[in-house]
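Input: a single structure, listed below in structure tokens.
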Amino acid sequence: MKDEEAIALALEEAQSASARGEVPVGAVLVDGAGALVARSGNRIVELRDPTAHAEMLVLREGAARLGNERLMGTTLYVTLEPCAMCAGAISLARVARLVFAAEDPKGGAVLHGPMFFAQPTCHHRPQVSRAGDSGAAAQLLRQFFQARR
């Protein structure tokens with residue numbers, strides 16, 4: 001699966017999350033051969049779980065499906081730059097690549113804030129790149145929060 005295709009699937013998950021009243025963030029996990037392993041959107045409200053970010057849900061499902069807590073060789077696609085919690089989980093899971101669409105200057109922890117993967121205490125650093133329609137991902141978030149103000 002190509003980066004643009006996977007980010008498009010993650011954006012579909014973000015749109016579904018928004019329709020459920022969740023912050024519209026979606027994630028997709030793909031194995032080293034390019035096969036889809038897991039996909040989800042935020043489910044924090046639905047599950048009453050502050051850790052139910054799209055990334056966390058996909059990492060959990062991926063580990064269960066692959067039968068290993070180490071997701072070596074996988075690529076995680078996310079519509080929004082991951083927060084510190086998710087960046088920590090990505091590192092612990094040994095995800096090979098992280099690809100995200102939109103930056104998050106306020107809550108992101110990859111290019112912003114704590115820049116988790118740049119810290120000397122970070123034991124595993126995935127390859128990080130950008131792909132997809134960052135404008136569409138950012139617009140979905142803006143619309144979501146404008147509707148709630």
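The values are calculated or read from the model by the stated rules, or taken from the named source; none is laboratory data. Note that the coordinates shown come from a computational prediction; the quantities given were computed from them, not determined experimentally. Cβ placement follows ideal geometry from the backbone for every residue including glycine, while neighbour counts extend to all protein chains displayed. Areas reflect the complete protein model, heavy atoms only, side chains present, ligands, DNA and RNA absent. Shrake-Rupley method; radii C 1.70, N 1.55, O 1.52, S 1.80 Å.
Structural remarks
- The chain - mean residue ellipticity at 222 nm from DSSP helices (-39,500 (n - 2.57) per run, n ≥ 4, rounded to 500): -11500 deg cm²/dmol
- Evaluated over the chain, the Cα radius of gyration and Dmax, each in Å: 14.0, 43
- Formal net charge of residues neighbouring residue 110 (Cβ-Cβ distance under 9 Å; K, R +1; D, E -1): -3
- Taking every protein chain into account, the accessible area of the chain amounts to 49 square angstrom per residue (probe 1.4 Å).
- Applying 0.36 nm per residue to the separation of residue 139 and residue 106 and subtracting their alpha-carbon distance, the gain on full extension is 10.3 nm.
- All-pairs Cα distance distribution in segment 74-148, expressed in whole percent, bin size 10 Å: 21, 51, 23, 6, 0
- If you run the Gaussian network model on the chain, springs between alpha carbon atoms under 10 Å, then out of 54, 35, 131 the most flexible one is 35.
- Accessible surface of the chain [probe 1.4 Å, protein heavy atoms]: carbon and sulfur percent: 54
- Stokes-Einstein, applied to the Kirkwood radius of segment 1-40 over Cα pairs at a viscosity of 1.567 mPa s and 4 °C, places its translational diffusion at 127 µm² s⁻¹.
- Taking amide H as placed 1.01 Å from N in the peptide plane, the amide H of residue 71 sits under 5 Å from that of 94, 95, each at least 5 places away or on another chain.
- Fraction of antiparallel bridges per DSSP, the chain only, in percent to nearest 5: 50
- Packing order of peptides 78-91, 4-17, 40-53, highest average first: 78-91, 4-17, 40-53 (average count of other Cβ atoms within 10 Å over each peptide's residues).
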